[in-house]
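Q: I am attaching a structure below and will ask some questions about it afterwards.
Values quoted throughout were computed directly from the atomic coordinates according to the rules given, and no laboratory measurement underlies them. Predicted model, so just to flag it, every value in this text is computed and none were measured. In this analysis, Cβ positions are derived from the backbone assuming ideal geometry, glycine residues included, and neighbour counts consider all displayed protein chains.
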Amino acid sequence: MAEGAPSPFTPGYGRKPAIFGGHGEELNELKAVFDTLDFGENHSVLVSGLRGVGKTSFLTTLQDAAREAGWLVISDDASAGLMSRVMDSTIPTLINEMTPATRARLTNLGIWEFSAEIEYIDRHRTVKPQLRTDLVALSTALGGTGGVLITIDEVSSGKVRLRELSKFALQVSHALEDGAQIMVVFAGVKVSLDALLAEEHTTFLRRSREIEFERLSAPETRRVFVETAGLGGRSIDADALDKLVSLAQGYPYLVQLAGDYAWRNDSNASSITLADATVAHDRAIRAVESRVISRVYGDLSDVDQKFLDAMAEDDDRTKVADIVKRMGVSDAYVQVYKKRLIDSGYVHPVGHGYVQFSLPYLGAYIRRRLAAEAHDGGEDGGWHAYPAPDLPS
């Protein structure tokens, strides 16, 4: 092994893991479409799951596979201005990256203006440009040898964003009806995807293939650690592997983060030791709490937070009847938020009348947060007892 070998673990946002854990079958089936153009149920795909479970890495892997197969890739997120970004920036960029022969096919379609050297100049505007027309043209220009992959990440349940997404989806559906070879993949938390499906013009998405990202099994987590380290030329000692698997709890982001920390603790050694895993344990938990857990909790409504606060009083599973008592509300009220949190993936049912946190360390984070608030006199750090004086007039 080379001295100071670089880490094969990839904890950075959206980076493709060297060894993909889970959903290998679905990934291979989607990749096969890029070679065969035999779509089956895969014209539209919905990928759901909480932060850090591998959705963006999954999209990145799909994008790379599509490009290798000669497909065009439109990749964006669901933030405001999606339609204009795709039509005014992404598609012109794709055209400029095409081979001259492929661009030449576009000249016969009368949609874009080209120079004598067949370089893209501007959109032909005898009619109002539409995304559906552009997508059909791009698909046609590939001459039956490829298609267009569209990936939209970070689907949000905000009303304004959903309206734009539904209009975008309508254009894609029309392009599909017109014969364009398209695979479109939307990714986000399940409650946001469900909100998108409830919008107008998203009928075709209701027949989408659904892929739900949850935490990996323990054997799969072990495999990812061992095979990833092996790619870098190192082994993992048995006790170190046990500690890393226990730490990661099947959470893909934690697998990459903990593996990276353990690797870098002594990158010159031939194996990752228990000492390396111990260092990784403390650093990874601090990092995942600040980068993921706290943000996940902060994204929730006040009532959602109170529901989880009530759950956090227990170390393991929580009886729903106890949540009702702790929140001081009716059972029917609690059931509404229980369903919402289950649909969102934050909690899951375990046995009759019990729920449990789905996200590792979320319960522990909430317990520490509540204890700190009680010690400090509330979220404002105790400043409610020292109001600021009025400014002089």
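Q: With the dipole of the chain worked out from charges on the C-beta (+1 for Lys and Arg, -1 for Asp and Glu) around the Cα centre, which of 82, 129, 311 lies farthest toward the positive end?
A: Ranked along the dipole, the leading option is 129.
Q: I've got another one for you. In debye to the nearest 20, how big a dipole does the stretch 218-297 give about its Cα centre with +1 on each Lys and Arg Cβ and -1 on each Asp and Glu Cβ?
A: Taking the Cα centre of the stretch 218-297 as origin, the dipole is about 280 debye.
Q: If you take the charge dipole of the chain about its Cα centre, with +1 on Lys and Arg Cβ and -1 on Asp and Glu Cβ, which of 365, 354, 225 is farthest toward its positive end?
A: Of the options given, the answer is 354.
Q: Apply 1/(1 + (r/R0)^6) to the Cβ-Cβ distance of residue 41 and residue 374, taking R0 = 45 Å, and write down the FRET efficiency to the nearest 0.05.
A: 0.30
Q: Here is a follow-up. Taking a ≥ b ≥ c as the square roots of the eigenvalues of the Cα gyration tensor of the stretch 300-383, is the shape rounded (a/c under 1.5), prolate (a/b larger than b/c) or oblate?
A: Working: a/c = 1.95, a/b = 1.60, b/c = 1.22.
Prolate is the answer for the stretch 300-383, as a/c is 1.5 or above and a/b outweighs b/c.
Q: Let me ask something else about it. Write down the radius of gyration of the stretch 160-215 and its Dmax, each obtained from C-alpha positions, in Å.
A: Final numbers for Rg and Dmax: 11.7, 39 Å.
Q: How much length, in nm to one decimal, is gained on full extension between residue 26 and residue 282, taken as 0.36 nm per residue of separation minus their Cα-Cα distance?
A: 88.8 nm
Q: Can you give the helix-only mean residue ellipticity at 222 nm for the chain, where every DSSP H stretch with n ≥ 4 adds -39500 (n - 2.57) and the sum goes over all residues, rounded to the nearest 500 deg cm²/dmol?
A: Result for the chain, helices only: -14500 deg cm²/dmol.
Q: Could I have the simple spin-label model distance between residue 237 and residue 89, label points 7 Å from Cα toward Cβ, reported in nm to one decimal?
A: 4.9
Q: Charges at C-beta only: +1 for Lys and Arg, -1 for Asp and Glu. How large is the resulting dipole of the stretch 125-215 about its Cα centre, in Debye rounded to 20?
A: Charge dipole, the stretch 125-215, about its Cα centre: 240 debye, nearest 20.
Q: Ok, one more. For volume of the Cα convex hull per residue in Å³, pick the label among (i) 233; (ii) 162; (iii) 198 that corresponds to the value derived from the coordinates.
A: The listed entry that was calculated here is (i).
Q: Given Cβ point charges of +1 (Lys, Arg) and -1 (Asp, Glu) and nothing else, what value in debye, to the nearest 20, does the dipole of the chain about its Cα centre take?
A: Result for the chain is approximately 420 debye, rounded to the nearest 20.
Q: A 19 angstrom limit on the alpha carbon distance is what I want to check against. Which of 190/339; 306/338; 16/55; 159/338 exceed it?
A: Listed pairs above 19 Å: 159/338.
Q: Calculate, for residue 331 and residue 212, the FRET efficiency according to 1/(1 + (r/R0)^6) with r their C-beta to C-beta distance and R0 35 Å; round to the nearest 0.05.
A: Working from the Cβ atoms, E equals 0.80.
Q: If R0 is 25 Å, what FRET efficiency do you get for residue 316 and residue 160 from their C-beta distance, rounded to 0.05?
A: Values: r = 40 Å, r/R0 = 1.61.
Efficiency for this residue pair is about 0.05.
Q: Separate question: Loop sites only, by DSSP: take the trypsin sites (Lys or Arg not before Pro) in the chain that have at most 13 other C-beta atoms within 10 Å and name the longest stretch containing none of them.
A: 126-393
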